[in-house]
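Only one structure is covered here, and it is reproduced in the block below.
The values are calculated or read from the model by the stated rules, or taken from the named source; none is laboratory data. Model, not experiment: these values are computed from the prediction. A quick note on method: Cβ atoms are made from the backbone with ideal geometry, for glycine too, and the neighbour counts reach across all protein chains shown. For accessibility, only protein heavy atoms count, side chains too; no ligands or nucleic acids. Shrake-Rupley method; radii C 1.70, N 1.55, O 1.52, S 1.80 Å.
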Amino acid sequence: MTRDPLTTVLAGLASVRSWQEDCYRDLHAHPELSHQESRTAGVVADRLRQDGCAVHEGVGGTGVVGVLANGDGPTVLLRADMDALPVREATGLPYASSAVALDADGAEVPVMHACGHDVHVACLLGAVSLLATARDAWHGTVVAVFQPAEEVADGARGMVDDGLVDLVDGAGRPEVALCQHVLPLPAGQVATRVGPTLSAADSMRIVVHGRGAHGSMPQASVDPVVLAAMIVVRLQTVISRETQPGEPAVLTVGSVQAGTKSNVIPDHAVIALNVRTYHEQTRTAILDAIRRIVVAECDASGSPRPPEFELFDRFPLTDNDPGVTGRVAAAFRRRFGADAVELPLQTASEDFTDLPGAFGIPYTYWGIGGIDRDLYEQARAAGRVAQDVPVNHSAAFAPVLQPTLDTGTTALVTAALEWLA
Ligand code: ZN
Ligand code: ZN
């Protein structure tokens, strides 16, 4: 009896586990901040070479691309992010991080893999290794992208700007891009979702100009404090009055700064805000509405100069392709049974989609669980999942080693073989 390709490839899981768990613990104990992932990149490149990949290092800074060519057939792009966060680890794990590093502003900060990107790296390395040792079971090309700086939203774009598309197209343009993230779901689960899945995020810094004066002589001023206050109030109507009811969207003014002293009217104010949306149309409409309101309020105040707008920390929408997602979800149901579930809409954001966007190819992004099942079940029974289950970016976020690594590795292989088998 011949075995199906997936069973053949996954037969190597036990031998992968023998190095993958150590690799994961090592990555977890040695986290690196965004754009500083050089040690991680070295670990990745060494492993990819051992598995016979062509390896491209230094793509967009510390990015690594492994190309596993195996004859004619489709090319599939798989992506893992590598960076960690400025968080002091409080998991108490034997392999917990005690690392410190200098952040982009030169301040010394603790560093922790609080978002689980170490899981993503270890799983993708495991998946490549499985495919490399079972070449008879599939054909085509695997492009494994290890991306820096997801947490600051510019790592994927950095790789694209550094020539990723030309580099990969040499091996054949990918047909599809696949990506996963470990989430506070029960370990062993895989979770897919069609359509909008992670929000687009945009931060905007706005400078509005007034005319400074003595606090006792308001008639000589254009008061930017009042102007900024009017803008903040008026911005509350963008979601409540201009966005369709039922369309999820958030507009938060997180910072308003003006002035230095109670009796000095300053000459400018700075407003910083954050927008989360799930449809490009909504995103554009909200950003346009913000500009319109700010310009009009400046006019209404008699502002001496036009306002200045700067967009930063921009994450694209993650909008899973229905065809690709349906195919992967069906394969997951066959492989994982009742542990293949639907992923709820996520409020977080990701820059992964800048990669498929650059190639003009469809993609899907799924979640894998990382939380001990007993812990999760106790929390669920007590109605305390939100309170008792540590989430990504928290100092206590500690995915259980297994079955998390097995699940993530199996999920990547299962999805990739939908195109390669
Ligand atoms: Zn994160
Ligand atoms: Zn993350």
For this session: Could you tally the net charge around His209, taking each other residue with its Cβ under 15 Å from the Cβ of His209, Lys/Arg +1 and Asp/Glu -1?
Result: -3
Problem set entry | Spacing of the two label points (7 Å from each Cα toward its C-beta) at Asp26 and Asp4, in nm | 3.5 nm
Exercise. What ³J(HN,Hα) values, in whole Hz, does the Karplus curve 6.51 cos²θ - 1.76 cosθ + 1.60 give for the stretch 257-271 when θ = phi - 60°, with x put for Gly and Pro?
Worked result: 10, 7, x, 9, 8, 5, 10, 10, 7, x, 9, 7, 9, 10, 10
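Accessible area of the chain with a 1.4 Å probe: how many percent of it is carbon plus sulfur? Could the numbers behind the result be given before it?
Details: 9100 of 17550 Å².
Ligands and nucleic acids excluded, carbon and sulfur reach 52 percent.
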Exercise. Over the stretch 1-144, how many percent of alpha carbon pairs lie in each 5 Å bin up to the one with the longest distance?
Worked result: 2, 10, 18, 20, 18, 13, 9, 6, 3, 1, 0, 0, 0
Seminar exercise, completed: Along the dipole axis of the chain (charges at Cβ: +1 for Lys and Arg, -1 for Asp and Glu; origin at the Cα centre), the most positive-end residue among Pro403, Val100, Pro248 is Pro248
Seminar exercise, completed: Largest fluctuation, Gly210, Gly63, Gly92 only, Gaussian network model of the chain with Cα springs under 10 angstrom, belongs to Gly92
Problem set entry | 5 angstrom amide H check on Asp372, placed H, neighbours 5+ away | Ala187, Val400
Exercise. Points 7 angstrom from Cα along the Cβ direction at Ser18 and Asp388: gap in nanometres?
Worked result: 4.0 nm
For this session: Take the alpha-carbon centre of the stretch 20-50, take the same for the stretch 233-276, and report the distance between them in whole Å.
Result: 41 Å
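Treating the beta-carbon of each Lys and Arg as +1 and of each Asp and Glu as -1, no other charges, what is the dipole magnitude of the chain about its Cα centre, to the nearest 20 debye?
Numbers: 30 positive and 51 negative charges, 167 e Å.
In debye, rounded to 20, the chain gives about 800.
Highest mean first, how do 73-81, 218-226 rank when packing is the count of other Cβ atoms within 10 Å averaged over residues?
Numbers: 73-81: 23.9, 218-226: 16.6.
Going by the mean number of other Cβ atoms within 10 Å, highest first, we get 73-81, 218-226.
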For this session: Quote the relative contact order of the stretch 200-315 in percent (integer), defining contacts as alpha-carbon pairs under 8 Å separated by 6+ residues.
Result: 45 percent
For this session: Give, as ranges by residue number, the residues of the stretch 273-317 whose backbone N falls under 17 Å from the point 7 Å along Cα→Cβ of Arg205.
Result: 273-275, 307-315
Exercise. Which far-off residues, 5 or more places away or on another chain, put their amide H under 5 Å from the one on Asn320, with H placed in the peptide plane?
Worked result: Gly195, Thr197
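Counting only other residues whose beta carbon sits under 11 Å from that of Arg380, what net charge do I get with K and R as +1, D and E as -1? Walk me through the intermediate numbers first.
Values: positive: Arg373, Arg384; negative: Asp374, Glu377, Asp388.
The answer is -1.
Hey, can you find the accessible area per residue of the stretch 269-340 for me, probe 1.4 Å, expressed in square angstrom? Kindly include the intermediate steps, with their values, before the conclusion.
Values: 3510 Å² over 72 residues.
In whole numbers, the stretch 269-340 has 49 Å² accessible per residue.
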For this session: Treating only the Cβ atoms of Lys and Arg (+1) and Asp and Glu (-1) as charged, compute the dipole magnitude of the stretch 200-315 about its Cα centre; round to the nearest 20 debye.
Result: 160 debye
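Mind jotting down a quarter of the surface of the convex hull over the alpha carbons of the stretch 200-315, in square nanometres, one decimal? If you can, show how the numbers build up before the last one.
Details: hull surface 28.1 nm².
If you wrap the Cα atoms of the stretch 200-315 in a convex hull and average its projections, you get 7.0 nm².
Suppose only helical runs count, i.e. DSSP H with n ≥ 4. What mean residue ellipticity at 222 nm does that imply for the chain under -39500 (n - 2.57) per run, divided by all residues and rounded to the nearest 500 deg cm²/dmol? Show your work: numbers first, answer last.
Values: 13 runs with 161 residues, N = 421.
Helices in the chain give a 222 nm mean residue ellipticity of -12000 deg cm²/dmol.
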Exercise. How large is ³J(HN,Hα), in whole Hz, for each residue of the stretch 84-101 in order, when computed from phi with the Karplus curve 6.51 cos²θ - 1.76 cosθ + 1.60 and θ = phi - 60°, using x for Gly and Pro?
Worked result: 10, 10, x, 10, 8, 4, 10, 8, x, 5, x, 10, 4, 7, 10, 5, 10, 7
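Using alpha carbons only, what's the Rg to Rh ratio of the stretch 114-191 with Rh from Kirkwood? Could you put the intermediate results ahead of the total?
Values: Rg = 14.5 Å, Rh = 14.7 Å.
On the Cα set of the stretch 114-191, Rg over Rh gives 0.99.
Which whole DSSP H helices in the chain pass both tests: a Cα extent of 30 Å or more along the axis and a mean Kyte-Doolittle value no lower than -1.0? Can you show the working numbers first?
Working: long enough: 280-301 (32 Å, 0.10).
Length and hydropathy pass: 280-301.
Label the stretch 160-205 by shape, choosing from rounded, prolate and oblate, from the square roots a ≥ b ≥ c of the eigenvalues of the Cα gyration tensor; if a/c is under 1.5 it is rounded, and otherwise prolate applies when a/b is larger than b/c, oblate when it is not. All intermediate terms of the calculation are to be shown ahead of the outcome.
Values: a/c = 2.57, a/b = 1.36, b/c = 1.89.
The shape class here is oblate.
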Exercise. If you find the alpha carbon centre of the stretch 388-408 and of the stretch 72-96, how far apart are they in angstrom?
Worked result: 11 Å
For this session: Give, as a single signed number, the net charge of other residues whose beta carbon lies under 13 Å from the beta carbon of Pro110, with Lys and Arg counted +1 and Asp and Glu -1.
Result: -3
Problem set entry | Contact order normalised by residue count of the chain, Cα under 8 Å, 6+ apart, percent | 24 percent
Exercise. What does the chain give for Rg and for Dmax, in Å, if only its C-alpha atoms count?
Worked result: 24.1, 92
Exercise. Once both labels are modelled 7 Å past Cα along the beta-carbon direction, what's the His214-Ala96 spacing in nm?
Worked result: 5.9 nm
Exercise. Under a GNM of the chain (C-alpha, springs under 10 Å), which listed residue has the highest mean-square fluctuation: Leu317, Leu85, Leu273?
Worked result: Leu273
Problem set entry | Residue-span extension gain [Arg173 to Glu308] - 0.36 nm each, minus C-alpha spacing | 44.6 nm
